[in-house]
Amino acid sequence: MFSYTTRQSLILQVNQDALTVTPRPSDTLLYTLRQELGFTGAKPGCENGDCGACTVIFDNLPLKSCLMLTAEAVGHEITTVEGLHHTALQDAFMDHWAFQCGYCTSGFLTTAHALLTRHPDADRQTMVEWLRSNLCRCTGYQEIGDAVWSVLQARQT
Amino acid sequence: MIPFSFEYHRADSLEEAALVYQQIQASGQKPIYYGGGTEILTMARLAQIHFDAVIDIKQIPQCQRLERADDAIVFGAGVSLDRIGQANLWPLLSQAGARVADHSVRCKITLGGNLAGTLPYREVALPFMLFSSDAHGLVFGPGGSRDVPFKELFNGQLNLRPGEFLVELRVAQFAAEVPALSVKKTRLDWVDYPLFTVAMVRVNSEIRVAFSGVTGCPFISDAINRTLSAAASWDDRAQSAVAHISDSVVDDLHGSAKYRRFLLTRTLADMLAKIEE
Ligand SMILES: Cc1cc2nc3c(=O)[nH]c(=O)nc-3n(C[C@H](O)[C@H](O)[C@H](O)COP(=O)(O)OP(=O)(O)OC[C@H]3O[C@@H](n4cnc5c(N)ncnc54)[C@H](O)[C@@H]3O)c2cc1C
Ligand code: FES
Ligand code: FES
């Protein structure tokens, strides 16, 4: 049994570092990442599981960090957008003009990065299904889909 | 940010979960079981629910089962809808689960949470409702474990005794071998709560359907199943089936009751055509 009943020290594995945090047991991972660790790439949008702006990679899966408690994340690998450095995906987002205001971008990057890791052979339909987890209020989604698809195709040929 | 404090307990065994539940309750506080936590956290943030402790049950080995065993398929209550889809042991359940929320949220929503949640849709219950005589649930609580026929366990909502939680659901293997379809209609977006969801199977010449989103909670009706199994055209059977549904069809911003009835009639006719082809 792991019990976390009051504010104490916890170790989180974020972007391949073991980091100490002292959250309330009721703090979400999103809150801790931003307020305690300064990983502001995870964005608060709806905080309701709808928009995907808060998405991080959690053991190779995309996860909305507003829907997880910090204490629940102990013992798992978390990657925020700050953990992605000069990836082909980030270049593709620039090449395809896949953002405007950029608020949704870190969520799309983490979702797409998890897709590339888990399904490097994904077809367009699988890609669309994964990207549907994220909302963008500026672009028409076409540019985002094209950016991710270009990286998938490059890897598949 | 969640505006109140509560304790987090992650149980490693069924006994531990039930024991800590009882201890917290005995101290005058309110515990709740925690699956994916998606509903609990979103409602807590809005202060729509209040509790003093969550007991996370999803990592208990029995709640993580996902396998064929004897002539049945076993689904642990703590398994995420994404994992159920990946394993695809029961294509109908995978299909129904694949339309709940979006992919990232499905990596967190659990089977048990979807059935036990307060939101009325509970879409992954539909496949089990179609085989309620051949499906069972295992529940655990202060009195130990109980094996409950699905018919008793779920009648639109999960019926558990105080302090109990769902451990797993089992369905006979043959359920995965009959022709089956699941169709979800939404108002506009692909990802949304349903206008309605219909799951349909054909067992020999018998048609069975279960509905979510049509009335206040998921339902199945013998009268509707008899009507859909009768010898008549697809359109006539679909019309008669929808005529059997009471006046309590949902009428909301997503769609009027009249529109739901119209679309449901078309959908049932199309599904009959497909499943009887
Ligand atoms: C963004 C979003 C979109 C959604 N879209 C859909 C949709 O399209 N269709 C649909 O059907 N639903 C949808 N839902 C609802 C969702 O399926 C339910 O809210 C479900 O309860 C969430 O599962 P969970 O595992 O996260 O549950 P939790 O939040 O962990 O728990 C919800 C409730 O179930 C209880 N519970 C959890 N596990 C068990 C168990 N094993 N035994 C007994 N009680 C248990 C908890 O105590 C709590 O009361 C959506 C939810 C979200 C957040
Ligand atoms: S902030 Fe988490 S999904 Fe919108
Ligand atoms: S670029 Fe502004 S929300 Fe997507």
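The values are calculated or read from the model by the stated rules, or taken from the named source; none is laboratory data. Note that this is a predicted model, so its numbers are computed, not measured. Every residue, glycine among them, receives a Cβ derived from its backbone with ideal geometry; neighbour counts consider all protein chains shown. We work out accessible area using only protein heavy atoms, side chains counted, and drop any ligands, DNA or RNA first. Shrake-Rupley method; radii C 1.70, N 1.55, O 1.52, S 1.80 Å.
So which of B:Gly213, B:Gly163 is at positive phi, within 14 Å of ligand 1 (Cβ to nearest atom) and crowded, with 17+ Cβ neighbours inside 10 Å?
B:Gly213
So, in region A:22-36, how many residues would count as being crowded, with 20+ Cβ neighbours inside 10 Å and either of a type in the set (S, T, N, Q) or more than 11 Å from every other protein chain (Cβ to nearest Cβ) (or both)?
4
Of the conditions (1) more than 14 Å from the chain's Cα centre (by Cα); (2) crowded, with 16+ Cβ neighbours inside 10 Å, B:Asp222 clears all except one; give me its number.
(2)
Could you grab me the full set of residues in region A:115-151 that are small (Gly, Ala, Ser) and within 16 Å of ligand 1 (Cβ to nearest atom)?
A:Ser133
Mind telling me which of the residues B:Arg202, B:Arg260 ends up being of a type outside the set (A, V, I, L, M, F, W, C), within 30 Å of B:Ala69 (Cβ to Cβ) and modelled with pLDDT of 95 or more?
B:Arg202
Being among the charged types (D, E, K, R), within 16 Å of ligand 3 (Cβ to nearest atom) and over 11 Å from the mean Cα position of the chain (by Cα): is that true of A:Asp27 here?
no
Between a first residue in region A:132-155 that is more than 14 Å from chain B (Cβ to nearest Cβ) and within 19 Å of A:Gly45 (Cβ to Cβ) and a second residue that is within 16 Å of ligand 2 (Cβ to nearest atom) and open to solvent by less than 10 Å² (accessible area, probe 1.4 Å), which pairs have beta carbons less than 6 Å apart while being 6 or more apart in sequence or on different chains?
Close Cβ pairs (under 6 Å, with a partner that is within 16 Å of ligand 2 (Cβ to nearest atom) and open to solvent by less than 10 Å² (accessible area, probe 1.4 Å)) amount to A:Ile144/A:Phe108.
Within region B:45-70, can you find the residues that are β-branched (Val, Ile, Thr) and in a strand (DSSP E or B)?
B:Val54, B:Ile55
Working only within region B:104-120, note down all residues that are open to solvent by 10 Å² or more (accessible area, probe 1.4 Å), touching a Pro at 6+ places or on another chain (Cβ under 9 Å) and at pLDDT 95 or above.
B:Cys107
Kindly indicate the residue of region B:167-206 that is surrounded by fewer than 16 Cβ atoms within 10 Å (Cβ to Cβ) and aromatic (Phe, Trp, Tyr) and also nearest to ligand 2 (Cβ to nearest atom) among those meeting that condition.
B:Trp190
Is one or more of the residues making up region A:51-72 more than 7 Å from chain B (Cβ to nearest Cβ) and farther than 24 Å from B:Val100 by Cβ?
yes
Name the single residue that is nearest to ligand 2 (Cβ to nearest atom) among those in region A:4-21 being more than 14 Å from chain B (Cβ to nearest Cβ) and open to solvent by 50 Å² or more (accessible area, probe 1.4 Å).
Checked region A:4-21; the qualifying residue nearest to ligand 2 (Cβ to nearest atom) is A:Gln13.
Being within 16 Å of ligand 3 (Cβ to nearest atom) and more than 28 Å from A:Thr20 (Cα to Cα) is true for just one of A:Ala122, A:Ala53, A:Ala98. Which residue is that?
Selected residue: A:Ala98, the only one of A:Ala122, A:Ala53, A:Ala98 that is within 16 Å of ligand 3 (Cβ to nearest atom) and more than 28 Å from A:Thr20 (Cα to Cα).
Conditions: (1) surrounded by 13 or more Cβ atoms within 10 Å (Cβ to Cβ); (2) over 21 Å from A:Glu47 (Cα atoms). A:Cys104 meets all but one. Number of the miss?
(2)
Hey, among A:His86, A:His96, which residue is modelled with pLDDT under 95 and more than 10 Å from chain B (Cβ to nearest Cβ)?
Criteria check complete, one pass: A:His86.
Hand me the list of helices (runs of 4 or more DSSP H) wholly inside region B:211-277 holding 2 or more residues that are in contact with a Leu (Cβ under 7 Å, 6 or more places away or on another chain).
Output list reads B:234-243, B:257-276.
Okay, residues lined up against (1) polar (S, T, N, Q); (2) in contact with a Lys or Arg (Cβ under 8 Å, 6 or more places away or on another chain); (3) more than 21 Å from B:Glu39 (Cα to Cα):
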position	(1), (2), (3)
B:Leu111	no, no, no
B:Asp134	no, no, yes
B:Leu138	no, yes, yes
B:Gly143	no, yes, yes
B:Lys151	no, no, yes
B:Phe154	no, no, no
B:Gln157	yes, yes, no
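Say whether the condition of being without any contact (Cβ under 8 Å) to a residue 60 or more places away in the chain and open to solvent by less than 20 Å² (accessible area, probe 1.4 Å) is met by at least one residue in region B:63-76.
No, region B:63-76 contains no residue that is without any contact (Cβ under 8 Å) to a residue 60 or more places away in the chain and open to solvent by less than 20 Å² (accessible area, probe 1.4 Å).
Per-residue answers, yes or no, for (1) farther than 22 Å from B:Val74 by Cβ; (2) within 14 Å of chain A (Cβ to nearest Cβ); (3) more than 12 Å from ligand 1 (Cβ to nearest atom):
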site	(1), (2), (3)
B:Phe150	no, no, yes
B:Gln157	yes, no, no
B:Leu181	yes, no, yes
B:Ala232	yes, no, yes
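Just the residues that are assigned to a helix (DSSP H, G or I) and over 12 Å from the mean Cα position of the chain (by Cα), please, taken from region B:95-135.
B:Gln95, B:His103, B:Ser104, B:Val105, B:Arg106
Only one of (1) over 23 Å from B:Asp102 (Cα atoms); (2) open to solvent by less than 40 Å² (accessible area, probe 1.4 Å); (3) assigned by TED's automatic domain parsing to the domain that holds B:Asp102 is not met by B:Phe51, so which one is it?
Status for B:Phe51: all satisfied but (3).
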